[in-house]
1. Taking each full run of DSSP H in chain A as one helix, which ones are at least 20 Å long along their axis (Cα atoms) and have mean Kyte-Doolittle hydropathy of at least 1.6?
2. Taking only Cα atoms and a 10 Å spring cutoff, compute GNM fluctuations for chain B and point out the largest among B:ALA76, B:ALA12, B:ALA92.
3. Report the percentage of all Cα-Cα pairs in chain A whose separation exceeds 29 Å, rounded to a whole percent.
4. Please identify the chymotrypsin sites (Phe, Trp or Tyr not before Pro) of region A:40-131 that satisfy two criteria: DSSP loop assignment and at most 15 other Cβ atoms within 10 Å. Which are they?
5. Quick one: give the max-minus-min coordinate of the C-alpha atoms of region A:36-99 along each principal axis, largest first, in Å.
6. Rg (Å, one decimal) plus Dmax (Å, integer) for the alpha carbons of region B:10-50?
7. At a temperature of 20 °C and a viscosity of 1.002 mPa s, determine how fast region A:47-139 diffuses translationally according to Stokes-Einstein, using the Kirkwood radius over alpha-carbon pairs as Rh; express D in µm²/s, rounded to the nearest whole number.
8. Determine the sum of side-chain charges near B:VAL2: Lys and Arg each +1, Asp and Glu each -1, restricted to other residues whose C-beta is under 11 angstrom from that of B:VAL2.
Amino acid sequence: MNSDIIVFLVLSLIAISSALGMLFSRNAVYSALYLVLNFVTVAVFYLLLGAPFIAMSQITVYAGAIMVLFLFVIMLLGAENLAPSQSLPWQKPLAYTLAVVLVVESVYLVISRAQTDKFISTPDAALNSMENLREMAMSLFNQYLLPFEITSILLLVAMVGAIVLTKQEKREQK
Amino acid sequence: MVPVNYYVALSAVLFTIGALGVLIRRNPLIIFMSVELMLNAGNLAFVAFGRSYEIAGGQPFFSGQIFVFFVIAVAAAEVAVGLALIVEIFKARKNINIDELNSLKG
């Protein structure tokens, strides 16, 4: 058992336990904080996979912007502790059973049909170089230029949509 | 040297936790967070596969990372609109219990 696998196992333990903590926290603020921990752990995984740009965007966009938005909304609405209501009593056991089936089946498929010759080594200095980042940017702005522009339009539409949704209420109140 | 299937298995476990969260929690904000977790699990698989297939000169296959970049942008847009909707619904009904939200009409 080499050191890479030990690092991977410790990180995946943190990732899975923080995801479970997100799931089972009664308080929504604690859920959000557990999810921040999970996102940071996934960012470390991206660093191990030799994707430093994605790791940094993960931390700024997910752990920074999106989770701060979540915390704002949770505290604004006072939705930390919603009263538990159970209108469908059979739903929870069914959900647990189906989730266990899904995880067993997908992990079994991954293990049994794996390509055992594919290994990921810890990235060296050549992989984290500026050259590689430049290559990725060239690919993004040449091969994927149209999806990139469509993404910018999507973000613009989402921004306008959020503003319109919150503005209409004010006009009705006047 | 970590086999790439370890990363895919971790991604599958995280995805299942997210799906379970969507099924068992009744707070729409936590359901949103579970959806984010599922998107993240998909991103992890993308980057792992992109790293395991190398093009010439030891460079990783960049399309995996670029797709993750697009997924992050789409997730940001989705969260902005979704949280605005939740705030509006809360203002209109003073209640965001997911069992009672069966229509978007205010």
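Nothing in this text is a laboratory measurement; each read-out follows from the coordinates by a stated rule. Keep in mind it's a predicted model, so treat the numbers as computed, not measured. Cβ atoms come from the backbone with ideal geometry, glycine included; neighbour counts cover every protein chain shown.
1. The qualifying helices are A:3-24, A:28-48.
2. So, out of B:ALA76, B:ALA12, B:ALA92, the one fluctuating most is B:ALA92.
3. 46 percent
4. Hits after loop and neighbour filter: A:TRP90.
5. Cα spread of region A:36-99 along its principal axes, largest to smallest: 46, 34, 12 Å.
6. 10.6, 36
7. My calculation gives 116 µm²/s for D.
8. Overall, the nearby charge balance is +1.
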